[in-house]
1. If you place +1 on the Cβ of every Lys and Arg and -1 on the Cβ of every Asp and Glu, how big does the dipole about the Cα centre of region B:4-215 come out, in debye to the nearest 20?
2. Got a sec to turn the phi values of region B:130-144 into Karplus ³J(HN,Hα) couplings, 6.51 cos²θ - 1.76 cosθ + 1.60 with θ = phi - 60°, whole Hz, x for Gly and Pro?
3. Can you say what percent of the DSSP beta bridges in region B:224-373, counting only those with both residues inside, are antiparallel? Round to 5.
4. For B:Lys217, go through the lysines and keep the ones whose alpha-carbon is under 17 Å away, minus same-chain ones fewer than eight residues off.
5. Quick check for you: which residues of region A:81-108 have the amide N under 20 Å from the point 7 Å beyond the Cα of A:Asp30 toward its beta carbon?
6. Tell me the angle of helix A:123-132 to the major Cα principal axis of chain A, expressed in degrees between 0 and 90 and rounded to the nearest ten.
7. Indicate the gyration tensor shape class of chain B (rounded, prolate or oblate), computed on the Cα atoms with a ≥ b ≥ c the square roots of the eigenvalues: a/c under 1.5 is rounded; otherwise a/b larger than b/c is prolate and the rest oblate.
8. Averaged across A:112-118, how many Cβ atoms of other chains sit within 10 Å of each residue's Cβ atom?
Amino acid sequence: MIAVTGIGWVNLKEYGCIIGKYKKSHNGFDSLHSCFMDESIFLYPVKSIKRFDIISRTTCYSVALALKDAGISYSHDHKKNIGILGANEEGCLESNINYYKDYIDCGRIKARGNLFIYTLPSTPLAEAAIHFGLSGPLLHMSFKEKRISFLLNFAGKSIIEEEVSATVAVKAEKSNAVSFVLEKKEDLLNTRDLALENVIAAAEKTSFDEMIEALEEFCEDKADLS
Amino acid sequence: MAKAVATVCDMVTSYGCGADLCWKGLFSGITAIRPIERFSTQNMQTSNAATIPGLKINKDETLVMQMLNPLLSKISADIPHDTFVILATTNGEIEFLQRYVYGEENSAKESLPDCLLEKIMLIAGTYGKGMVVSSACASSSIAASMAASMVRNKDHDCVLVVGCDCVSEFVTAGFSSLMALDADKAKPFDKNRQGLSLGEAAGYVLIMSEERAFIEKRTVIGEIAGWGMTNDSNHITGPSRDGSGLYRAILKALKSAGVSGKKIGAISAHGTGTVYNDSMEIKAIKKVFCERALPVYSVKGGIGHTLGAAGLLEIIISFRTLDKQVTPPTVNLCNIDEEAFGWVSPYPQPFESSFTLSTNSGFGGVNSALILKR
């Protein structure tokens, strides 16, 4: 069966891990890299993070928290057969505009490669894959109905089909992001692990804050029952 | 497990409209990479791309819709209403965004591939279930893998995969800034290759379960027998130098198809014409197939690198190679790189097998491998 073993999230004011019941305030995304280094959420510095577009940053922050929540250590040098799938509202629209506006404003002389590389919706996932050493399938999906259940269901199926040990499903926007670590398990005897279908039900909320609240409540209820 | 078979497919490339023209064009050995006429290339690394003659920027219809409309309208009656649609593209209708930046549009949102998906579903006459897949230059081969996976796992028994991308100032300026383009024309696997040539194209493949294809008396073109996807997790624009990521993808694909490497008769390589891509591909291929030199070819010297459409066109051409038991020549190949010697050829290469391999790689280190069966 497919279990959710870690959920990490970040918004403009706070970040946290759902299963580990961990939540902290922060002073803005610019401060998060050093903050994550201090707390060993990043095990080593994210190379070139200053170059990243905003969605690449929120992606990296939420994936780091999800892996920490799942208790998965990572290393760029020792890659793991873990996939990374993503979805979001508007792909890389803002980065597309930034890149092309810069090119036009500069008189069409030379485009900036450092802006062009973020004109693919899959680039934030690739930045995370490079940092965390995730070498499984990587793709960005956009569903007609913008529901997180499609992403999570798809991530679950990819584990069975691709025989990856785990998949990280990411929904990253410029003001918030949430990542889920999905793993194949024989059973759910480990009380920390959550059944995928229960997580999908809890995550199916219209706003980001409501979704985080529902996931936190679901984890509380599960702890009470066990 | 249900078998995923291709029943209808077609494409439009810089050789013209239809897979037949592309096949003939590749066999002519003459490239369809030509001077770009639709925007100034004064400050770019090259003035060439594989553009489609007659395709012009106009406000009524975007370039990709000019490709897709005639292509899909022709077969809409053959597409069942319950078909799930997967669109693979890197930029879709990028003109909307360009016009927004020029101050000619109020919003850039119509450039989102989701809007293009809606239009495709309208032309195809499907009920409205679909998704967009983006995985850089491996987008459409990954979309085909997903379609085959959906059919194999009985989530859907009919999936239409559409791939498309156009040559735009947006993309050409970007690749130019990365110094990834050949100043002249792409020469995949050539000793003197300098980079890729951009191209534009659109294509589609209707993938069904073998059972449904039989019930509906559809002609089966071939089977998507196996697939594998990996990521190098190494560099944002360059591939892993040793080809280890692609090597793992090929092994996964062989395992997924349940065949050994010995069964593979020919290989459609990504073969962009960049120094690092072609080298890493040959390394990966040699590692899988050892020194059993197989016919390897790239279509990108003929039709350029069509980005989000590339993998899908290469599947269609691969089915044709399986049918004819011969690979097309690698166009623009003059001096074969030492590493690729004995594998690639500027001439057609005959083979005898029911299986071929098709590979794609892209930015972010994505790799895709597909095993196709006749």
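Since every read-out is calculated from the coordinates, none of them should be taken as a lab result. All figures in this text were calculated on a predicted structure; none of them were measured in a lab. Here the Cβ positions follow ideal geometry from the backbone for every residue, glycine too, while neighbour counts run over all protein chains shown.
1. Numbers: 17 positive and 24 negative charges, 101 e Å.
In total the dipole reaches around 480 debye.
2. x, 7, 10, 10, 10, 9, 6, 7, 9, 3, 7, 6, 5, 4, 5
3. Values: 17 of 24 bridges.
Antiparallel: roughly 70 percent of the beta bridges in region B:224-373.
4. Partners found: B:Lys3.
5. A:95, A:98
6. With rounding to tens, the tilt is 60 degrees.
7. Numbers: a/c = 1.55, a/b = 1.04, b/c = 1.49.
Oblate, because a/c is 1.5 or more while a/b does not exceed b/c.
8. On the way: counts 4, 8, 3, 2, 10, 7, 1.
Mean partner shielding for this stretch: 5.
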